[in-house]
Amino acid sequence: MKQSVLQAGRVLAMAGHGDMVWGHVAVRDPGGRGIWIKAPGRGLEEVQDRHLQLVSFDAEVLEGAGTPHIEAHIHLEIMRRNPAVTCTVHSHAQAAVAFAALGTPLLPISHDGALFAGQDVPRFTATGALVSTAALGRALADTLGGAPAALMPRHGLVAAGAGVHAAVMHAVLLERACRVQLTAMAAGPVRDFSDPAEAEAKRRQCWSETQLKAGWDYLLRQAERGAQTAADLLPPSP
Ligand SMILES: [Zn+2]
């Protein structure tokens with residue numbers, strides 16, 4: 001389970017969700033004690049076992065060292081509100097921030113965009129500053145509701161899922177959908193995208209549990225190959 005936090009961090013960083021040491025992924029503790037999340041001060045891809053914390057639903061560190069991330073409330077309140085959610089992601093993915101600034105609906109232009117089945121992505125508008133209190137975390141959890149992900153204008157995104165594979169894929173798909181739409185809008189007016197019926201059908205076809213798992217497995221293999229290549233390039237230790 002701790003391993004899945006590390007894997008999710010490496011996959012998210014590889015997929016463009018890194019922002020130096022900011023952004024995090026949390027996995028629900030199987031014993032119900034809270035969430036497993038990295039301590040502050042490390043990038044998503046740098047995290048080792050020793051950097052993990054078990055943070056209670058009262059935002060207290062039960063295992064591990066240091067204080068929790070200021071924005072741990074994001075994960076705690078989403079998981080408190082949604083018992084089926086076992087993993088949450090918060091990142092400052094740049095395409096998501098840029099797209100949210102346009103204030104325009106997210107369209108099902110690509111398979112990625114069909115994740116929302118033709119509905120616009122939820123947006124958390126209470127603040128563009130840090131989600132630094134339980135009250136803000138609850139407001140964000142309310143905004144997300146049962147959606148796979150939400151934009152946080154002037155800040156980033158949040159994603160959730162029943163499993164690490166689902167939460168990470170939801171974050172990856174939202175960022176990609178934003179990037180595709182930014183690319184299209186930069187070139188001209190967007191004229192062709194799925195109607196609600198096609199978007200709903202594509203959500204079921206493209207983003208079933210099996211497909212989400214297959215996408216996650218691919219990203220994990222890619223991240224592990226990258227890590228191995230980096231290790232191979234290191235000079236031999238004396
Ligand atoms: Zn943040």
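The values are calculated or read from the model by the stated rules, or taken from the named source; none is laboratory data. The structure displayed is predicted, hence computed values, not measured ones. Note: ideal-geometry Cβ built from the backbone for every residue, glycine included; neighbour counts use all protein chains shown. In case anyone asks, the SASA skips ligands and DNA or RNA and just uses the protein heavy atoms, side chains included. Shrake-Rupley method; radii C 1.70, N 1.55, O 1.52, S 1.80 Å.
Just a yes or no: is a residue in the stretch 213-226 outside any helix (DSSP H, G or I) and buried (at least 18 other Cβ atoms within 10 Å of the Cβ)? Within the stretch 213-226 (the criterion being outside any helix (DSSP H, G or I) and buried (at least 18 other Cβ atoms within 10 Å of the Cβ)), the answer is no, since none of the residues qualifies. Would it be correct to say that Val47 is touching a Leu at 6+ places or on another chain (Cβ under 6 Å) and farther than 17 Å from Val158 by Cα? Yes. Looking across the stretch 21-74, the residues that are more than 16 Å from the ligand (Cβ to nearest atom), of a type in the set (A, V, I, L, M, F, W, C) and part of a loop (DSSP other than H, G, I, E, B) come down to Val47, Phe57, Ala65. Of all the residues in the stretch 138-167, those that are within 15 Å of the ligand (Cβ to nearest atom), open to solvent by less than 30 Å² (accessible area, probe 1.4 Å) and not hydrophobic (A, V, I, L, M, F, W, C) number 3. Can you tell me which residue in the stretch 192-238 is farthest from Ala166 (Cα to Cα), limited to those that are out of contact with any Leu (no Cβ under 9 Å at 6 or more places or on another chain) and polar (S, T, N, Q)? My answer is Ser237. Summed over the stretch 122-137, the residues that are surrounded by fewer than 22 Cβ atoms within 10 Å (Cβ to Cβ) and closer than 21 Å to Val172 by Cβ give a count of 2.
Restricting the search to the stretch 89-133, which residues are free of Cβ contacts under 8 Å to residues at least 40 places away in the same chain, within 16 Å of the ligand (Cβ to nearest atom) and assigned to a loop (DSSP other than H, G, I, E, B)? Selection gives Phe124, Thr125, Ala126, Thr127, Gly128, Ala129.
Return the residues of the stretch 172-200 that are open to solvent by 30 Å² or more (accessible area, probe 1.4 Å) and among the small types (Gly, Ala, Ser); say none if nothing qualifies. Don't jump to the end; show me each part of the working.
If we filter the stretch 172-200 for residues that are open to solvent by 30 Å² or more (accessible area, probe 1.4 Å), which is where we start, we get 176, 179-180, 182-187, 189-193, 195-198, 200.
Matches in the stretch 172-200: Ala184, Ala186, Ala187, Ala197.
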